[in-house]
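The values are calculated or read from the model by the stated rules, or taken from the named source; none is laboratory data. Predicted model only: the values in this text are computed from it and were never measured. No Cβ is skipped: glycine too gets one built from the backbone with ideal geometry, and neighbour counts run over all protein chains shown. All accessible areas refer to the heavy atoms of the entire protein, side chains included, with ligands and DNA or RNA removed. Shrake-Rupley method; radii C 1.70, N 1.55, O 1.52, S 1.80 Å.
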Amino acid sequence: MDADAGPYQWLIVPLSFVVFRPLQRPAVMLHRFGFFELDEGARSLTLRGAAQKMQPRVFDLLVYLVRNAGRVVPKNELMDALWPNLTVTEASLQRAVSLARAALAAGGLEHAIRSYVRHGYRFAIDEPSLGAAVPSFDASDSNRARALELARVKDWHGAAMVFERLDAEGQLCAADIEVWALAVECQGRPAAAIPVLTRALAAHVAEGKPNLAARVAVTIAKLEFERSAPAAASGWMARAEALLGNTDDPRTSAYLLWMKARQAIFAGNAAEALDLALQSHRAAVDCGDSGLIALTLVYMGFYNISLGHIEKGVSQQNHAAAIALSSNVDPVLGSLVYCNILWSCRTYPDWSRARQWSEGFDSWCAASYAVVPGTCDLHRAEILGAQRDLNSALVAIDQALPKLSEEESWSIGDGYRVRGDVHAMIGDLDEARKDYAAAYAAGWDAEPGSAVLLAETGKVDMALAALDGVLDGTSWYHVQRRGILLAHKARIAAMGGHRDIAAKALDELTAQSARWTQPAVHALMNEARYLLASEAEAMPFLMLARQLWTSSGIEYHAARVRLELARLLAKAGNTAAAQIEIAAAERIATRIGSQRLRKLAADLQPKLISRPQRPSLTASGKQTTAGARE
């Protein structure tokens with residue numbers, strides 16, 4: 001075994017790797033999946049060393065999908081990349097995909113390119129069947145070989161049982177104990193992995209490998225950090241630095257600097273975190289470890305997003321995910337990459353991007369873990385709640401909360417906040433308030449959901465005070481969410497007639513328009529402008545808000561705005577257009593399971609009174625007939 005291999009990396013043979021050139025020259029990418037090798041520099045695809053014939057455009061398609069592995073790439077994006085400055089139909093893209101699949105069929109990977117109706121295509125090399133993780137070890141002892149084979153096929157429970165029996169017989173080396181710890185963590189028991197990792201650290205020291213012991217100390221620090229034990233995490237980080245000393249080990253240095261960056265962002269020091277992340281990424285590139293390259297790159301993207309460098313940060317995160325997925329990294333490292341991206345999507349909120357990554361994340365977690373971690377359930381719950389199915393979201397969050405309370409208590413408050421939002425959208429407002437109170441009790445905040453409920457019951461001043469309390473925060477979590485919180489503040493202030501407060505919030509968002517580009521933020525801004533506008537000028541703002549919520553796929557809020565638009569149309573006497581909006585809202589309410597929206601729609605029906613019709617504007621901007629304004 002390579003003494004310098006990263007945590008658990010000895011267990012697998014990577015399916016892809018990145019060859020980094022000097023910074024002034026473009027990187028040349030070489031990807032391996034199954035028995036194929038895709039060489040971008042040589043523009044060749046080989047199968048077991050034999051060149052495969054491929055049309056240039058088909059080769060470019062395969063390269064693009066592999067680079068974005070795990071993400072559903074929209075059809076328009078693919079056509080723009082493959083046929084720049086040309087107008088082509090979807091038929092051209094479908095033919096290229098068909099030819100790419102035919103080429104991959106020679107190696108048994110014809111199903112690697114997945115189709116998603118109305119969305120696009122995904123290169124599914126995150127599926128375990130598309131590349132065996134082959135162990136490389138000298139295992140003359142059959143029991144040890146059995147344990148490692150079980151770990152290789154991700155039978156984490158079986159592997160842990162065999163390792164525990166071998167440990168009782170005194171047959172495990174430090175590397176074996178690390179794999180044992182991985183097996184325990186992948187059963188959804190990260191806290192239980194800590195004593196096993198402590199044993200691995202001691203074994204590495206006894207074997208004369210303090211640099212590997214330092215790497216294990218960083219892993220323990222990570223687990224303690226995620227259990228809301230920052231003091232313990234700091235202690236293990238100090239232990240790691242002492243063990244590493246002046247040893248020239250880029251892998252361990254990259255890993256240690258990555259964790260120091262996490263500690264810096266937790267304290268609200270985004271600039272310091274970015275600097276540490278840059279250092280960690282350089283060290284990862286120096287050692288050529290694709291898993292560490294992905295890990296450090298995704299966090300660089302996260303810190304850039306936190307500092308307002310949105311386009312750069314998103315690009316770094318997408319690149320990191322493609323590297324991680326095409327390198328068949330261990331489950332823990334891979335989940336860190338995936339979770340970081342989905343956390344960013346949820347927090348800002350960028351629901352369109354979240355949707356593109358979430359399906360691959362779900363299948364990857366199911367294939368990698370014996371028990372899916374609570375944070376994975378939490379991500380899925382909020383995405384489901386925002387876009388698809390409120391009842392399924394409630395199931396997912398109820399699965400997540402017990403795991404979070406036991407293993408990842410730092411995010412338990414966020415779990416209660418998400419459940420409160422789901423309950424509020426369903427219509428169970430008492431349960432929503434209980435969850436928001438639990439989030440605050442856990443040391444988190446429950447905004448903007450709690451403030452919205454307060455405002456809707458006439459407590460606008462209390463709602464604004466709650467939002468201001470969060471906006472005054474300086475931690476990483478507060479910095480990230482400032483845009484969505486300000487947008488809610490503008491809307492709530494406008495609801496309560498606080499025009500100056502609403503205008504000030506809108507001015508700050510407008511001044512930083514490059515930072516807050518998400519459709520959800522702009523939808524709320526337009527709702528605020530609708531409330532501030534005169535009756536004659538209000539409708540276009542509400543129409544734009546409806547369009548923005550719809551385009552971002554946030555069905556609950558799209559339906560909520562449709563109902564407000566229906567009320568406005570009914571007041572103007574345009575009952576036909578109002579009925580259309582109500583019918584659309586009712587369909588959404590039924591599909592996502594929102595009793596609250598259905599009740600709001602039912603309450604509007606009696607207000608739709610027929611009257612003589614005259615030309616007017618519908619919610620789509622077209623002329624129809626309507627009665628005189630009231």
Excluding Val205 itself, calculate the net charge of residues whose Cβ lies under 13 Å from the Cβ of Val205, where each Lys or Arg counts +1 and each Asp or Glu counts -1.
+3
Dividing the helical contributions, -39500 (n - 2.57) per DSSP H run of n ≥ 4, by the residues of the chain yields a 222 nm value, nearest 500 deg cm²/dmol, of -21500 deg cm²/dmol
Mean Cβ neighbour count within 10 Å, used as a protection proxy, ranking 447-455, 535-543, 493-501 highest first:
447-455, 493-501, 535-543
Taking the chain and dividing mean pair separation by its residue count, relative contact order in percent (alpha carbons under 8 Å, at least six apart):
10 percent
So what's the angle, to the nearest 10 degrees on a 0 to 90 scale, between helix 555-571 and the longest Cα principal axis of the chain?
10 degrees
Given a cut-off of under 8 Å on Cα pairs at least six residues apart, what relative contact order in percent is computed for the stretch 260-368?
19 percent
Between helix 390-407 and the chain, what is the angle of the helix's C-alpha long axis to the longest principal axis, kept within 0 to 90° and rounded to the nearest 10?
40 degrees
Positive-pole candidate from Gly158, Leu278, Ala102, dipole of the chain, charges at beta carbon:
Ala102
In this model, which of Lys154/Lys222; Lys312/Lys459; Lys459/Lys571 are farther than 29 Å apart at the alpha-carbon?
Lys312/Lys459
State to the nearest 20 debye the size of the charge dipole of the chain about its Cα centre, where the only charges are +1 on K and R beta carbons and -1 on D and E beta carbons.
2240 debye
To the nearest 10 degrees, the tilt of helix 156-168 (Cα long axis) against the first principal axis of the alpha carbons of the chain is 40 degrees
Scan (1) 1.09; (2) 1.01; (3) 0.97 for the value of Rg/Rh (Cα atoms, Kirkwood Rh) calculated from this model and give just the label.
(2)
Dipole of the stretch 486-570, Cα-centred, from +1 at each Lys and Arg C-beta and -1 at each Asp and Glu C-beta, to the nearest 20 debye?
140 debye
From the residues Asn246, Ser228, Leu256, which one has its Cα farthest along the dipole of the stretch 223-296 in the positive direction, the dipole being from +1 and -1 charges on Cβ of Lys/Arg and Asp/Glu about the Cα centre?
Ser228
Enter the accessible area per residue of the stretch 41-115 (Å², integer; probe 1.4 Å; all protein chains in place).
52 Å²
Using alpha-carbon pairs under 8 Å, 6+ residues apart, how would you state the relative contact order of the stretch 434-577 in percent?
15 percent
Which of the lysines could a cross-linker bridge to Lys53, judged by Cα under 27 Å and excluding same-chain residues fewer than eight apart?
Lys75
Roll a 1.4 angstrom probe over the protein heavy atoms and tell me the percent of accessible area of the chain that is carbon or sulfur.
53 percent
Can you check what the net charge comes to around Thr89, using other residues whose Cβ is under 11 Å from the Cβ of Thr89 (Lys, Arg +1; Asp, Glu -1)?
+1
